[in-house]
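Structure, as structure tokens:
The values are calculated or read from the model by the stated rules, or taken from the named source; none is laboratory data. As the structure is a prediction and not an experimental result, all values here were calculated from the model. Cβ sites come from the backbone with ideal geometry, for glycine too, and all protein chains shown count toward neighbours. All accessible areas refer to the heavy atoms of the entire protein, side chains included, with ligands and DNA or RNA removed. Shrake-Rupley method; radii C 1.70, N 1.55, O 1.52, S 1.80 Å.
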Amino acid sequence: MINIPKGTYDILPKDSYKWHKLKENISNIARKYNLKEIVTPMFEHTELFVRGAGNSSDVVNKEMYTFIDKGERSLTLKPESTASVARSFIENGLFNESMPIKFYYISPCFRYEKPQKGRYRQHTQFGLEIYGSNHVLSEVETFLIAKDFFNSLGIDITIVINNLGCEDCRTKYKEKLKDYVESHLPDMCPDCHRRYETNPLRMLDCKSNECKAILKDAPRINDCLCDECNDYFNKIVKYLDALNIKYKIDNSLVRGFDYYTNIVFEFYDGDSTRSQSALGGGGRYNHLVEELGGKPTPVIGFGLGLERILLYLEDLGKTFEDDENVDCYVASITDNVEYVLNLVKDLRKNDISCDYDIVGRGLKAQFKYADKIKAKYVITVGDNEIESNTLIVKNMLNGTQEQVNANDIVNYLKG
Ligand code: AMP
């Protein structure tokens, strides 16, 4: 037998309604907040992610599914969608449209990670990208959208937020951080040696215990922030307070990609802290579009892990209602197959979901099957019923049974 690849999973029919519900919630949010869907391909030129997400990030460095196609091109299954949306924005001239544009996507991401609960090699993100605003209200709008989405699922979130400042603030900070780290370098991991040279901020995200212990006392970015960056951040915080949105400021939050500038954030449930894994995260990336060859365009966005959200809801014992079961099943004991086919056709034409016996079972087995598929009603059709134009309808939820004139069957089932 051939097994499923490690770190992937199947969504079985018994669970697919949960995904439909999640997607319904996303569609509702999209409608309420005027978000426009964007769909980009499953794979892109490898260079897009190297230039976009940055080669000092672990995702780009260690986790990409990269392959050479038959045309000798290096392609990569997308590990994230932000760079793809930026590529599409530039390539399709979307910068000519009225700004801001609020994009959203639901997309698989592929990362060669060590699989564990809530960490897969293919996962799905609901993402938001707000293009063309460098105003604090785009941060506020981002948080309102995330909060509303989580609330619609019954999850109360806390936003963990940090201010990485502008280019000048970060240049100052990187020097300070490097000065501090220099004498400790021999005790730090090989990755941090590389990060020290390529992007020192990424050291703050190191998972090695030795590095974490050393970096615990490292200088923090807030000592290096200019007045403008401080003001920007303070305004966001002021609006979050005014809107009663729960947040925590964490000066060690840097996030996994190189493109972040200014604001970064992660979403956690209720009062939990960063010791638990995030349900989502994001930030501002004001140089990404330029970096990929477009006109300078400010962008802010997030990516929420849908598998992780479903697992979290399961842990909370919260369930969606499975309302996708068929409305009715037509059980038949007659040779008049044409009558049955026409009845089924008529019900479906009237938007009543309906199934019937296509294997040639006896009546008892048909009822058993109807029960298994959780049909709400079973209509029994025999020669007598056809002759009297009266169908027997059993309500499978309460077990009651009624005779219904065949001409009234649609109204009866709809009523
Ligand atoms: P990132 O693109 O790394 O900012 O991740 C955004 C969100 O996607 C995270 O907060 C997680 O909820 C989810 N996520 C990231 N990587 C994985 C993964 N390997 N498996 C499942 N969910 C993931």
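Numbers at a glance
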quantity: Breaking point among (1) away from the ligand (no atom under 15 Å from the Cβ); (2) modelled with pLDDT under 95, for G54; calculated: (1)
quantity: Single unsatisfied condition, T297 versus (1) in contact (Cβ under 8 Å) with a residue 40 or more places away in the chain; (2) out of contact with any Asp or Glu (no Cβ under 8 Å at 6 or more places or on another chain); calculated: (2)
quantity: Top-ranked residue in segment 69-91 [being charged (D, E, K, R) and crowded, with 17+ Cβ neighbours inside 10 Å; ranked as farthest from F43 (Cα to Cα)]; calculated: R87
quantity: Residue tally, condition away from the ligand (no atom under 14 Å from the Cβ), free of Cβ contacts under 8 Å to residues at least 60 places away in the same chain and outside any loop (DSSP other than H, G, I, E, B), over segment 57-94; calculated: 9
quantity: Within segment 281-366, helices (runs of 4 or more DSSP H) holding 1 or more residues that are surrounded by 15 or more Cβ atoms within 10 Å (Cβ to Cβ) and out of contact with any strand residue (DSSP E or B) (no Cβ under 7 Å at 6 or more places or on another chain); calculated: 288-291, 306-316
quantity: Test set (1) within 16 Å of the ligand (Cβ to nearest atom); (2) open to solvent by 10 Å² or more (accessible area, probe 1.4 Å); (3) in contact with a helix residue (DSSP H, G or I) (Cβ under 9 Å, 6 or more places away or on another chain); (4) of a type in the set (S, T, Y) - S152 fails condition number; calculated: (1)
quantity: Tabulated pairs, segment 239-251, first under 15 Å from D148 (Cβ atoms), second in a strand (DSSP E or B), C-beta under 6 angstrom, 6+ apart or interchain; calculated: L240/Y247; K246/T158
quantity: First in segment 347-358 and within 17 Å of A370 (Cα to Cα), second anywhere and open to solvent by 50 Å² or more (accessible area, probe 1.4 Å) and modelled with pLDDT of 95 or more, Cβ under 6 Å, 6 or more apart; calculated: C354/R348
quantity: Residues satisfying the stated conditions in segment 14-43, i.e. open to solvent by 80 Å² or more (accessible area, probe 1.4 Å), assigned to a helix (DSSP H, G or I) and at pLDDT 95 or above; calculated: H20, K23, E24, R31, K32
quantity: Residue identified as closer than 30 Å to R121 by Cβ and aliphatic (A, V, I, L, M) among L341, L292; calculated: L292
quantity: Residue satisfying condition, being more than 16 Å from the chain's Cα centre (by Cα) and not polar (S, T, N, Q), within set L48, L35, L22; calculated: L48
quantity: Scope segment 224-251; condition in contact with a Gly (Cβ under 7 Å, 6 or more places away or on another chain) and open to solvent by 50 Å² or more (accessible area, probe 1.4 Å); matching residues; calculated: none
quantity: Counted residues, segment 180-200 - those being in a helix (DSSP H, G or I) and open to solvent by 60 Å² or more (accessible area, probe 1.4 Å); calculated: 8
quantity: One residue from Y247, Y232, Y239 being more than 30 Å from R87 (Cα to Cα), more than 10 Å from the ligand (Cβ to nearest atom), more than 24 Å from the chain's Cα centre (by Cα) and modelled with pLDDT of 95 or more; calculated: Y239
quantity: Meets criteria (charged (D, E, K, R), more than 9 Å from the ligand (Cβ to nearest atom) and over 18 Å from the mean Cα position of the chain (by Cα)) for E290; calculated: yes
quantity: Failed condition for R111, given (1) surrounded by fewer than 16 Cβ atoms within 10 Å (Cβ to Cβ); (2) under 17 Å from V60 (Cα atoms); calculated: (1)
quantity: Subset tally (residues that are surrounded by fewer than 17 Cβ atoms within 10 Å (Cβ to Cβ) and in contact with a helix residue (DSSP H, G or I) (Cβ under 6 Å, 6 or more places away or on another chain)) for segment 384-403; calculated: 1
quantity: Hey, E47 outside any helix (DSSP H, G or I) and farther than 27 Å from Y312 by Cβ or not; calculated: no
quantity: Among (1) within 10 Å of the ligand (Cβ to nearest atom); (2) touching a Leu at 6+ places or on another chain (Cβ under 6 Å), the one test that Y259 misses; calculated: (1)
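Yes/no matrix, rows are residues, columns are (1) in a strand (DSSP E or B); (2) more than 12 Å from the ligand (Cβ to nearest atom):
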site: M99; (1), (2): no, yes
site: T124; (1), (2): yes, no
site: G127; (1), (2): yes, no
site: I161; (1), (2): yes, yes
site: E175; (1), (2): no, yes
